[in-house]
1. So how many residues does the range 161-181 have that are in contact (Cβ under 8 Å) with a residue 24 or more places away in the chain, hydrophobic (A, V, I, L, M, F, W, C), open to solvent by 20 Å² or more (accessible area, probe 1.4 Å) and over 17 Å from Leu92 (Cβ atoms)?
2. With the checklist (1) on the phi > 0 side of the Ramachandran plot; (2) loosely packed, with under 15 Cβ neighbours inside 10 Å in hand, flag the one item Glu279 doesn't pass.
3. Which of the following residues is open to solvent by 30 Å² or more (accessible area, probe 1.4 Å) and touching a helix residue (DSSP H, G or I) at 6+ places or on another chain (Cβ under 9 Å): Glu51, Glu89, Glu79, Glu75?
4. Cβ-Cβ below 7 Å, separation at least six or inter-chain, first residue in the range 74-96 and among the charged types (D, E, K, R), second surrounded by 13 or more Cβ atoms within 10 Å (Cβ to Cβ) and outside any strand (DSSP E or B): which pairs?
5. Given the conditions (1) more than 26 Å from the chain's Cα centre (by Cα); (2) crowded, with 19+ Cβ neighbours inside 10 Å, which single one is not true for Cys297?
6. If only one of Asn224, Asn313 is under 30 Å from Cys213 (Cβ atoms) and either buried (at least 16 other Cβ atoms within 10 Å of the Cβ) or modelled with pLDDT of 85 or more (or both), which one is it?
7. Being open to solvent by 50 Å² or more (accessible area, probe 1.4 Å), within 22 Å of the chain's Cα centre (by Cα) and of a type in the set (Asp, Glu) narrows it down to one of Asp244, Asp151, so name that one.
8. Are any residues in the range 183-210 in contact (Cβ under 8 Å) with a residue 24 or more places away in the chain, over 16 Å from the mean Cα position of the chain (by Cα) and more than 16 Å from Val166 (Cβ to Cβ), and if so, which ones?
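The values are calculated or read from the model by the stated rules, or taken from the named source; none is laboratory data. All values reported here derive from a predicted model rather than from experimental measurement. Cβ placement follows ideal geometry from the backbone for every residue including glycine, while neighbour counts extend to all protein chains displayed. The accessibility values were calculated without ligands, DNA or RNA, using every heavy atom of the protein model including side chains. Shrake-Rupley method; radii C 1.70, N 1.55, O 1.52, S 1.80 Å.
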Amino acid sequence: TLVRTASTETAGYYRCEASFQLGIVVSEPALIQIGYIYTTVNTPVDVVGYESSWLLLSCDHVISLPQATVLWLEEDLIERPVTGSDSLETLLNGSLLFSNLSSANEAMYICHASNPSTQEFRRVVYNLTVSTGLLEVSGVPSQLLFLTPTDIVVSAGENAIFQCFVGSSYSMLRWYHEGSLISADSSSYSVLDNGVTLVVERAETKQSGEYRCEVEGIGSLSGNLTVIDTPIIYLTGSADVESDLETSFSLTCSLEEGVTAEWSWLKNGELVYEPIWTEGELRVSFTQESDEGLYQCVACNDVGRDMKTFRVNVISELQQLQGP
């Protein structure tokens with residue numbers, strides 16, 4: 001058991017490694033993170049919407065770990081919580097969705113974001129003005145069709161939600177992934193609210209790509225989903241490697257197809273700069289006794305990290321002469 005006082009200096013990945021005569025046992029990595037919250041702006045943000053259209057107001061100027069709890073406030077003459085209506089609702093992700101915008105919606109909206117870990121909060125002010133005119137996205141008037149969000153990044157296993165709002169009556173709304181029609185009875189997706197909401201259930205990396213909402217007689221809009229999977233390293237060959245003196249050896253790790261990560265190599269706990277290594281492969285030429293030791297390949301991306309260990313034994317000239 002390791003007990004440490006949490007701080008920015010002690011944050012990071014921890015792993016327990018036990019060595020014994022038959023080999024090495026390494027635990028799964030444990031991540032310690034320190035909560036934080038901050039804003040990327042220090043002044044009010046001006047937002048322009050279009051009359052009779054949709055508008056999504058997101059509190060994306062607040063960065064928080066873990067994710068902040070959001071409360072929206074409206075300030076006209078006094079500050080008060082935003083209340084829902086037929087033309088205003090708070091989405092599950094904490095964003096405000098306006099439909100059928102009008103001058104009555106013009107006000108100062110305040111995002112009050114609280115970090116549940118540190119108990120700190122930050123506020124961002126948005127000044128909303130509503131303009132007359134016509135806004136088109138991909139040739140489709142936003143008064144008729146509105147897709148939110150247009151870009152989603154999730155970890156593998158999480159749900160991803162697209163919503164396609166239609167401003168007039170329609171006969172058919174279809175969803176497509178990379179050009180292929182999504183069936184309403186698919187086990188990988190849920191189509192809800194008369195087709196308006198598409199839920200990508202327990203997203204996998206193969207479900208990354210373009211999603212298109214197509215409304216018959218009106219048009220279509222597209223968004224993009226990126227699914228990031230935690231890297232899991234697979235060893236090619238044995239974890240115990242023997243190499244004769246003045247020969248060569250290679251160590252190879254690989255990831256599941258579709259998973260991307262940054263690679264690094266360690267030798268006895270120190271970063272390897274020499275000899276040559278390319279992503280998941282390390283090659284050592286003209287082996288010396290100093291090349292003996294524990295080698296580790298490390299793969300890391302935005303959602304996780306994995307590590308595998310090799311034990312390399314260099315056989316000396318005397319051992320070669322003595323034989324097995």
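1. Number of matching residues: 3.
2. Looking at each condition in turn, Glu279 falls short on (2).
3. Details: Glu89 fails: touching a helix residue (DSSP H, G or I) at 6+ places or on another chain (Cβ under 9 Å); Glu79 fails: touching a helix residue (DSSP H, G or I) at 6+ places or on another chain (Cβ under 9 Å); Glu75 fails: touching a helix residue (DSSP H, G or I) at 6+ places or on another chain (Cβ under 9 Å).
Residue meeting the stated conditions: Glu51.
4. Glu74/Val82
5. Among (1) more than 26 Å from the chain's Cα centre (by Cα); (2) crowded, with 19+ Cβ neighbours inside 10 Å, Cys297 violates only (1).
6. Values: Asn313 fails: under 30 Å from Cys213 (Cβ atoms).
Every option except Asn224 fails the conditions.
7. The match here is Asp151.
8. Within the range 183-210, Val199, Glu210 meet the criteria.
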